[in-house]
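**Student:** What follows is a single structure, and I will ask about it in a moment.
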């Protein structure tokens, strides 16, 4: 398989290439789907400091590594995906967050290897923030926690 950076880039590319059909039903709302063509990546986010909404963010967690064979290690790679939207109607924002998270969940369940990028993806859970007040508007966040399970060859 590849390096960790290759996997992170692969997850980002896979979401960018495959999420849109799962979000198609969102097109009827007045808020457009998240900027999944420019997923933001980091280990720490200031969600309220975002310049553009809606956004989709990918945050890395602490990787677990176990020796599998003499040449390969099993990597457990936690990733948190944040779907962040802004508006005035907290009920609509809540429903939108749920749709984003549901679309990601369905996309992962449809192909739990992301086209062979990893061996398996385990959905750990998902949750939704309360509406966060920012100036004279509200920000809402839907979160899905996943763990990638894959073998990586030792150098």
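The values are calculated or read from the model by the stated rules, or taken from the named source; none is laboratory data. Note that the coordinates shown come from a computational prediction; the quantities given were computed from them, not determined experimentally. Cβ: placed from backbone, ideal geometry, glycine included. Neighbour counts: every protein chain shown.
**Student:** Could you please find all residues in segment 103-155 being part of a helix (DSSP H, G or I) and within 19 Å of residue 83 (Cα to Cα)?
**Tutor:** Matches in segment 103-155: 103, 104, 105, 106, 107, 108, 109.
**Student:** While we're here: Please verify whether residue 132 is farther than 20 Å from residue 21 by Cα and at pLDDT 95 or above, treating the condition exactly as stated.
**Tutor:** no
**Student:** Here's another thing I want to ask about it. Could you check how many residues of segment 129-153 are under 21 Å from residue 34 (Cα atoms), touching a residue at least 60 places away in the same chain (Cβ under 8 Å) and under 19 Å from the mean Cα position of the chain (by Cα)?
**Tutor:** Residues flagged as under 21 Å from residue 34 (Cα atoms), touching a residue at least 60 places away in the same chain (Cβ under 8 Å) and under 19 Å from the mean Cα position of the chain (by Cα) within segment 129-153 amount to 7.
**Student:** Right, next: Given the condition over 26 Å from residue 27 (Cα atoms) and loosely packed, with under 15 Cβ neighbours inside 10 Å, answer yes or no: does some residue in segment 98-107 qualify?
**Tutor:** No, segment 98-107 has no match at all.
**Student:** Hey, another quick one. Please specify each residue of segment 61-97 satisfying the condition of being assigned to a strand (DSSP E or B) and under 16 Å from residue 134 (Cβ atoms).
**Tutor:** 82, 84, 85, 86, 87
**Student:** Also, I was wondering about something else. Would you please name the residue that is modelled with the lowest pLDDT, looking only at residues in segment 42-61 that are over 18 Å from residue 10 (Cα atoms) and loosely packed, with under 10 Cβ neighbours inside 10 Å?
**Tutor:** 44
**Student:** Additional query: Restricting the search to segment 108-127, which residues are in contact (Cβ under 8 Å) with a residue 60 or more places away in the chain and crowded, with 19+ Cβ neighbours inside 10 Å?
**Tutor:** 114, 117, 118 - these are the residues of segment 108-127 that are in contact (Cβ under 8 Å) with a residue 60 or more places away in the chain and crowded, with 19+ Cβ neighbours inside 10 Å.
**Student:** Next question. Could we say that residue 78 is at pLDDT below 90, surrounded by 13 or more Cβ atoms within 10 Å (Cβ to Cβ) and within 12 Å of the chain's Cα centre (by Cα) here?
**Tutor:** No.
**Student:** Quick one: count up the residues across segment 11-41 that are in a helix (DSSP H, G or I) and either touching a residue at least 60 places away in the same chain (Cβ under 8 Å) or loosely packed, with under 13 Cβ neighbours inside 10 Å (or both).
**Tutor:** 15
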